[in-house]
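As structure tokens, the structure follows; a few thoughts come after it.
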Amino acid sequence: MKIAAAYVRVSTDDQLEYSPDSQLQAIRDYAKSHDLILAEEYIFREEDGRSGRQAEKRPEFMRMISTAKQQPPPFEVILCWKYSRFARSRQDSIFYKSLLRRECGIDVISITE
């Protein structure tokens, strides 16, 4: 079984229809149905209202990246509800997915796309 991390973010009140709790429950269900272990210490959850435009302004995202760079990497995949939760900026998305894959062997998976 692979070990997974989860990244949860909601940027505006308009997006609260799919609340952080709902996202996390969907991620837990996905992990369970795909034989992934999701440990509590690898759940990275931003405060509500955190924009995804700049990675440096998302403390939980940066903590997740830092944790992923540990040797050996503590998890093998990062689960998010949608790729837009991982990063809004195409440049950030490409940069961090590439870094995680190349340097850490970690894949980013959207559970809904």
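The values are calculated or read from the model by the stated rules, or taken from the named source; none is laboratory data. What you see is a predicted model; the values in this text were computed from it and never measured. Cβ atoms come from the backbone with ideal geometry, glycine included; neighbour counts cover every protein chain shown. Side chains are part of the model used for accessible areas, which takes the heavy atoms of the whole protein and leaves out ligands, DNA and RNA. Shrake-Rupley method; radii C 1.70, N 1.55, O 1.52, S 1.80 Å.
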Members of region 36-59 that are buried (at least 17 other Cβ atoms within 10 Å of the Cβ), at pLDDT 90 or above and of a type in the set (A, V, I, L, M, F, W, C): L36, L38, I43, F44
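Of all residues being more than 21 Å from Y96 (Cα to Cα) and either of a type outside the set (S, T, N, Q) or buried (at least 18 other Cβ atoms within 10 Å of the Cβ) (or both) in region 1-22, which is modelled with the highest pLDDT? Just the residue, please. Break it down into steps so the answer makes sense when it comes.
Taking region 1-22 and keeping what is more than 21 Å from Y96 (Cα to Cα), we get 1, 12-22.
Add one more test, that the residue is either of a type outside the set (S, T, N, Q) or buried (at least 18 other Cβ atoms within 10 Å of the Cβ) (or both), and what stays is 1, 13-14, 16-18, 20-21.
On the way: M1: 90, D13: 51, D14: 51, L16: 52, E17: 53, Y18: 76, P20: 85, D21: 87.
Residue satisfying both the conditions and the ranking: M1.
Mind counting the residues in region 21-37 that are in contact (Cβ under 8 Å) with a residue 40 or more places away in the chain and in a strand (DSSP E or B)?
Of region 21-37, the ones in contact (Cβ under 8 Å) with a residue 40 or more places away in the chain are 23, 26-27, 30-31, 36.
Restricting the remaining residues to those that are in a strand (DSSP E or B) gives 36.
Adding up the residues that qualify gives 1.
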Output for region 75-113, where each listed residue is farther than 19 Å from P59 by Cα and among the acidic types (D, E): E76, E103, D107, E113
Region 60-113, residues that are outside any loop (DSSP other than H, G, I, E, B), open to solvent by 40 Å² or more (accessible area, probe 1.4 Å), in contact with a Phe, Trp or Tyr (Cβ under 9 Å, 6 or more places away or on another chain) and hydrophobic (A, V, I, L, M, F, W, C): I109
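I'm trying to understand the selection: among the residues of region 53-78, which are aromatic (F, W, Y) and more than 11 Å from the chain's Cα centre (by Cα)? Walk me through how you get there before you give the answer.
Start the filter on region 53-78 by keeping residues that are aromatic (F, W, Y), which leaves 61, 75.
The one that is aromatic (F, W, Y) and more than 11 Å from the chain's Cα centre (by Cα): F75.
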Neighbours by Cβ (under 7 Å, 6+ apart or cross-chain): first from region 72-90, farther than 19 Å from R28 by Cα; second open to solvent by 10 Å² or more (accessible area, probe 1.4 Å) and at pLDDT 85 or above: P73/C104; P73/G105; A87/S93; A87/Y96
